[in-house]
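Remarks on the structure that follows.
The values are calculated or read from the model by the stated rules, or taken from the named source; none is laboratory data. These figures come from a predicted structure and were not determined experimentally. Glycine gets a Cβ as well: all are built from the backbone with ideal geometry, and neighbour counts include every protein chain shown. We work out accessible area using only protein heavy atoms, side chains counted, and drop any ligands, DNA or RNA first. Shrake-Rupley method; radii C 1.70, N 1.55, O 1.52, S 1.80 Å.
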Amino acid sequence: MALTRFQYLFLALLCILISLTVYTTRFKTDISAFFIAGDNAEEILLASEIQSGALSRRTILSIGTLEKKRISQRFINDLTARLKAIPGVVGVWKAGETQEFFKALEQLYLPYGPQLFSRDPTLDVKGLFSEQGLKDRATGLKKALLSPQSDIVKKVADNDPLLLIFNGFKTYQQLLPTQKMQGVYENLLLETEMSGMDVAAQTKIQQQITTVFTDLAQQSKTEDLNYLLEMTGVPIFAAATQGMLEADIKLISTLSTIALAILFFWIFRSVSVFFWVSCLLAAVITTNVLVINLIFGSVHAMTMAVGSTLVGVCVDYPIHALVHSQSVDAVKRARAIAKIWPSMLTGGITTLMGYLALGFSGYPGFQQVAVYAGTGIAVSLLLTRYVLPYLIAGTKTISSPIPVTFLWIKFCARFRLLFLALILGLCGVSLMSLHSLHWLQDLQQLTPELDYLKIKDQEIRSRMVSIEPGRFVLVSAADAESALQKAEQVYQVLDQLKIQKNLTDYFGLYPWILSQKQQQQNVNLLKMAMTDAAQKNWQKALVSQGLSIDSLGHFTTITDQPLAIEQVLHSPIGRLLDNQIVINDKQTLIIIWLGEHQPDVLQQALEGLPQVQYFSQRDLLNKMAITYQNRAEFMLLTGFAFIVLILSRRYKSLRKALLTLVPAMLSTSIILAIWSYSGEPLSFLHLVGFLLVISICDDFTIFYQENPGGNIAITYQAIAASMLTSALGFGCLMVAQTSILRTLAEIVTGGVILGFLLCPIIIKQSGLKHEKA
């Protein structure tokens, strides 16, 4: 059959939509960006820095040997040189190496020894300029001049004979967090030009890293060592997450398309009907993606995965239209569809309420899902009402009956009282099971499929530093100077905790930088202490050690010019500190990493300091889990209330509105009871799933109760087809690797099937004996 002008126009517009979608849409796969959002400016800024800052661009490479033997430094040097040659890599360095510190000494720090002398200059100046203190300093100077670092010590001593610049570094271990398993493992830090969230570029770099390492390891076989490479970091997690999500989307899309196609052919037995409905759904999906990309600037892969279930919901409206229009002539189909339009619109609006509630659940990514669903349902309804009749105007539709549907209606009518008694019993069992429900309190348990990466990350980081990952003190202020002053107050508190054995160690910005206020205090006290008498005592101390008075006997000439934080961040030391300070136009954050500590004692000690908080990534996630749970509970009640309000206005009866929701409520109760007896924890995702069940199932009861076509057998057959498409759409999520998708699948699929089966039991229809299937 030749295409009509309207059909040609629709296909042309669809091609334009598809082209725009392909060439303008930007996709994201960072799973943390989908699920995690801070509640305050500090947490939001931290999340942004982790996703796009220096931390996101760094990969940790841990090199070991199968034999657990000492690693050849020649191998490490060759590997470092080759890694630096990879396009997109801006730097590779050893964790804990001294080279950057000595570079910074020569290029930046030499004139600023007095400014950075101490965090407690009143005490330290007094101790240094005592007679014994000067003798001890002369002894230390001699040892330093005879050490392997004598070249750099001589350069410092020429301008700073008291070695004031070294005062903050009691031992080299305090210079940097050094490698704990020296020799057995060597750890390299690799930084890229691209963000860690640029998965395509990062995946290519990771492949090149593996190739370079494998080639070099093969060439080093003569050393009788089998080298091993392990990697961790934001780029590794991002690549693994994208791979998992891409595999899920491909599998779910393929499986759901095949399943829905088979179902559609079984019901309608028409290639042309299948083609036009598929085109209609393609228009819905492309419109959804374009709207999301326009509003949010990108489309998350999880949005596409969850949104793929919307195909099963959106196809419900064409199915209702096709089933109800099958018994009329082609020219009368538009009128038949218009007849069921009020029921279709009511069902669409109530379904929309469930999806819109996702936008307020706390998940940043579910805001996209809510917009995606809202757009999809609205577009699908409008296309079904005003476009579909003209697409199928010349098409013969044959609806294959689903005989079991009418038999189920008659069976439920005959044994309705028995079924109602059974349902009441199930409700009692559900109520009895409520006490055994327990809530998931740790958001990290939502992604068990990434546990292998988390374990590997902990293993690698344990070889590097003696800090507790994800636990630190966060200092915030309007500008860098204020933040540095607050950090210095925190250092004093942490020093006391170390003395009390409640903290093993901490890593702040000192001795790399102090506030300008503290630097000025150092300068003032040192100038006052550098008297002629003190200089004579210093010279005596030098003579006793056999050191030259002429070159080392005169104190440093002190200037008042302070060292600025910007100078430090632009020096070789900058890359060692950019994971501890975040500066933007409105706020500065300083992160003080913590060693092993007592969290309760530490939090109590910090209580009196404003804009200073103890930050634990796990505690934050746990708090967010509770927050999301509370929001999901509220949205479940709010969504339910809006649906009741809409149905009450539709039926002008609160009783009838509540009766319409009973099948959905009973199905969720049964699912809840099953879940509680399984012993699995309940999360806010389950509450979201319950809301989706209610919003989808009330479509069934709306059509069943209103019976807009006047034939309950045809109406229930349309409902059965809608149920199967929704169940298939969500059921396909069960094959996903992502456990979050599987959870939604289990809740919604089971709930939708139960809601369909409960419709004829709860809502009584008269005149069934006069109707035929």
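Conditions: (1) out of contact with any strand residue (DSSP E or B) (no Cβ under 9 Å at 6 or more places or on another chain); (2) in a loop (DSSP other than H, G, I, E, B). LEU509 meets all but one. Number of the miss?
(1)
Just one of the numbered conditions (1) open to solvent by 10 Å² or more (accessible area, probe 1.4 Å); (2) modelled with pLDDT of 85 or more; (3) of a type in the set (Val, Ile, Thr) is not true of VAL748; which one?
Evaluating VAL748 over (1) open to solvent by 10 Å² or more (accessible area, probe 1.4 Å); (2) modelled with pLDDT of 85 or more; (3) of a type in the set (Val, Ile, Thr) leaves (1) as the failure.
Write out, first by first residue and then by second, each pair whose Cβ atoms fall under 7 Å of each other, whose residues are 6+ apart or on separate chains, and whose first residue, in the stretch 275-292, is over 18 Å from GLN7 (Cα atoms) and in contact (Cβ under 8 Å) with a residue 24 or more places away in the chain while the second is open to solvent by 10 Å² or more (accessible area, probe 1.4 Å) and of a type in the set (Lys, Arg).
Between residues of the stretch 275-292 that are over 18 Å from GLN7 (Cα atoms) and in contact (Cβ under 8 Å) with a residue 24 or more places away in the chain and residues that are open to solvent by 10 Å² or more (accessible area, probe 1.4 Å) and of a type in the set (Lys, Arg), there is no close pair.
Kindly indicate whether ASP329 is among the acidic types (Asp, Glu) and at pLDDT below 70.
yes
Taking the stretch 1-20 only, how many residues are modelled with pLDDT under 90 and polar (S, T, N, Q)?
Total meeting the criteria: 2.
Across the stretch 433-456, what is the number of residues that are among the aliphatic types (A, V, I, L, M) and modelled with pLDDT of 75 or more?
Summing the residues that are among the aliphatic types (A, V, I, L, M) and modelled with pLDDT of 75 or more in the stretch 433-456 gives 2.
Checking the conditions here, which among GLN539, GLN492, GLN518 is under 25 Å from HIS570 (Cα atoms) and at pLDDT 90 or above?
Unique residue meeting the criteria: GLN518.
Checking the conditions here, which among THR241, THR287 is part of a helix (DSSP H, G or I), farther than 30 Å from GLU67 by Cα and in contact with an Asp or Glu (Cβ under 8 Å, 6 or more places away or on another chain)?
Every option except THR241 fails the conditions.
Can you name the residue in the stretch 501-526 that is touching a residue at least 40 places away in the same chain (Cβ under 8 Å) and open to solvent by 60 Å² or more (accessible area, probe 1.4 Å) and, of all such residues, is nearest to GLU566 (Cα to Cα)?
Out of the qualifying residues, it is GLN516.
Can you tell me which residues in the stretch 695-716 are open to solvent by 20 Å² or more (accessible area, probe 1.4 Å), assigned to a helix (DSSP H, G or I) and of a type outside the set (Val, Ile, Thr)?
Listed by number, the residues that qualify are GLN705, GLU706.
Quick one: in the stretch 565-612, of everything that is at pLDDT 85 or above and of a type in the set (Asp, Glu), which residue is nearest to the chain's Cα centre (by Cα)?
Here the answer is ASP600.
Would you be able to tell me the number of residues in the stretch 332-361 that are modelled with pLDDT under 75 and open to solvent by less than 10 Å² (accessible area, probe 1.4 Å)?
5
Going by what's in this entry, would ILE591 be described as in contact with a helix residue (DSSP H, G or I) (Cβ under 6 Å, 6 or more places away or on another chain) and within 30 Å of SER56 (Cβ to Cβ)?
Here the answer is no, as ILE591 does not meet what is asked.
Being open to solvent by less than 50 Å² (accessible area, probe 1.4 Å) and of a type in the set (Val, Ile, Thr) is the filter; apply it to the stretch 121-154 and report the residue that is farthest from the chain's Cα centre (by Cα).
Residue satisfying both the conditions and the ranking: THR139.
Restricting attention to the stretch 74-95, and to residues there that are assigned to a helix (DSSP H, G or I) and either among the basic types (Lys, Arg) or at positive phi (or both), which single residue is least open to solvent (accessible area, probe 1.4 Å)?
ARG82
When you go through GLN539, GLN492 one by one, which is the residue that is open to solvent by 60 Å² or more (accessible area, probe 1.4 Å) and not in a strand (DSSP E or B)?
Answer to the check: GLN492.
Right, VAL582: within 30 Å of PHE615 (Cα to Cα) and part of a helix (DSSP H, G or I) or not?
Considered against the rule, which asks whether it is within 30 Å of PHE615 (Cα to Cα) and part of a helix (DSSP H, G or I), VAL582 comes out as no.
Within the set of pairs 6 or more residues apart or between chains, which connect a residue that is closer than 19 Å to SER695 by Cβ inside the stretch 719-742 to a residue that is open to solvent by 10 Å² or more (accessible area, probe 1.4 Å) and of a type in the set (Lys, Arg) with Cβ atoms less than 8 Å apart?
Every condition considered, the pairs that remain are LEU733/ARG742.
Taking SER118 as the residue in question, decide whether it is open to solvent by less than 20 Å² (accessible area, probe 1.4 Å), closer than 28 Å to PRO572 by Cβ and among the small types (Gly, Ala, Ser).
It is true that SER118 is open to solvent by less than 20 Å² (accessible area, probe 1.4 Å), closer than 28 Å to PRO572 by Cβ and among the small types (Gly, Ala, Ser).
Do the conditions hold for SER667, that is, is it surrounded by 21 or more Cβ atoms within 10 Å (Cβ to Cβ) and under 27 Å from PHE411 (Cα atoms)?
yes
List, please: which pairs have Cβ atoms under 6 Å, are six or more places apart or on different chains, and start with a residue in the stretch 338-355 that is farther than 13 Å from ILE646 by Cα and end with one that is open to solvent by 40 Å² or more (accessible area, probe 1.4 Å)?
Once the first residue is farther than 13 Å from ILE646 by Cα and sits in the stretch 338-355, its partners that are open to solvent by 40 Å² or more (accessible area, probe 1.4 Å) give TRP341/ARG385.
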